[in-house]
1. How many residues does the stretch 154-181 hold that are more than 13 Å from the chain's Cα centre (by Cα), buried (at least 17 other Cβ atoms within 10 Å of the Cβ) and of a type in the set (V, I, T)?
2. I'd like to check something: does the stretch 222-243 contain any residue that is acidic (D, E) and more than 30 Å from R26 (Cα to Cα)?
3. If a residue must be in contact (Cβ under 8 Å) with a residue 60 or more places away in the chain, within 14 Å of G245 (Cα to Cα) and outside any helix (DSSP H, G or I), how many such residues does the stretch 187-209 contain?
4. Would you confirm, using the coordinates I've provided, whether L214 is under 22 Å from T67 (Cα atoms), in contact (Cβ under 8 Å) with a residue 24 or more places away in the chain and assigned to a helix (DSSP H, G or I)?
5. For residues that are outside any helix (DSSP H, G or I) and on the phi < 0 side of the Ramachandran plot, scanning just the stretch 77-92, find the one that is surrounded by the fewest Cβ atoms within 10 Å (Cβ to Cβ).
6. Output the residues belonging to the stretch 224-274 that are farther than 27 Å from G182 by Cβ and not in a helix (DSSP H, G or I).
7. Could you check how many residues of the stretch 80-132 are modelled with pLDDT of 90 or more and among the basic types (K, R)?
8. Restricting to the stretch 45-71, give me the number of residues that are free of Cβ contacts under 8 Å to residues at least 24 places away in the same chain and in contact with a Leu (Cβ under 8 Å, 6 or more places away or on another chain).
Amino acid sequence: MSPTSQRQLGDSNSPIEDELEEAFTRMVDEGAQRLHRAWREVLITGFFGGTEVAIGVLAYLSVLNETHNQLLAGLAFSIGFLALLLGRSELFTEGFLVPVAAVVAKRASVGQLAKLWSGTLVANLVGGWLIMALIITAVPKLRSQTISSAEHFVTAPLSAQSLALAVLGGMVITLMTRMQHGTDSVPGKIAAAVAGAFVLAGLALFHSILDSLLIFGALATGEAPFGYLDWLGWFWYTLLGNVVGGLVLVTLLRLVRSKERLKDERRDAEDPGAD
């Protein structure tokens with residue numbers, strides 16, 4: 001069916017289906033708002049994102065330590081994603097769909113996207129590092145479990161398997177974001193957060209922020225058989241894999257699906273006075 005026919009059949013006069021139009025508008029509007037934040041707002045929101053994910057890591061480690069069940073611990077970690085959702089904070093890998101859509105629609109600039117990504121990434125790590133240090137001090141019984149969990153990631157060699165785990169990690173969290181922006185239902189958004197946590201943490205996929213917090217916690221014990229240089233050696237390729245998974249396997253396909261609607265947005269941005 002041609003875009004013209006879809007405009008005639010739909011209630012919204014859009015070249016895409018009405019439900020997709022609602023999700024698209026919501027996504028671009030939110031992306032533009034997030035990208036026009038000042039540096040202070042980006043850093044504070046990212047800092048809280050790191051602290052809230054760390055609380056999810058606390059739940060994950062506690063359940064894993066008691067049950068030794070990775071899947072159950074993954075469900076416990078959903079507390080972190082629920083805190084992100086309901087607290088309106090920001091995780092670096094959540095910025096692969098919504099802000100990028102706003103940039104492609106010419107509602108914001110590439111420079112603003114770079115500010116959001118860099119500021120959120122650094123603030124996530126700083127906030128998470130602080131809370132993980134507190135967790136290790138407050139709950140010493142989790143020291144051994146934290147080191148054991150962290151070793152799974154930080155000692156992984158660069159290989160096809162580790163890269164695939166990182167790509168899947170980026171894909172899963174970006175898919176979670178896509179699901180949350182596809183509905184106005186709060187229970188639906190919560191279900192997406194729980195599902196994302198279950199797959200990401202329950203299956204031990206590689207995630208640049210989540211797993212870094214595990215590694216920071218292990219380092220805070222002073223007993224870890226690795227150091228910050230080992231973390232960096234793992235972090236760079238995991239970050240790259242997350243970006244590829246989120247941008248290529250989810251965001252790009254989503255944008256291609258809405259290309260006609262993006263053309264409308266870009267046209268309006270270039271000529272605001274046009275009908």
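The values are calculated or read from the model by the stated rules, or taken from the named source; none is laboratory data. Quick caveat: nothing in here was measured; it's all calculated off a predicted structure. In this analysis, Cβ positions are derived from the backbone assuming ideal geometry, glycine residues included, and neighbour counts consider all displayed protein chains.
1. Residues in the stretch 154-181 being more than 13 Å from the chain's Cα centre (by Cα), buried (at least 17 other Cβ atoms within 10 Å of the Cβ) and of a type in the set (V, I, T): 1 in total.
2. Yes, there is a match, as at least one residue in the stretch 222-243 is acidic (D, E) and more than 30 Å from R26 (Cα to Cα).
3. Total meeting the criteria: 2.
4. So L214 passes the test.
5. Applying the filter and picking the extreme gives S89.
6. Of everything in the stretch 224-274, those that are farther than 27 Å from G182 by Cβ and not in a helix (DSSP H, G or I) turn out to be A224, P225, F226, G227, D271, P272, G273, A274.
7. 1
8. Of the residues in that region, 1 qualify.
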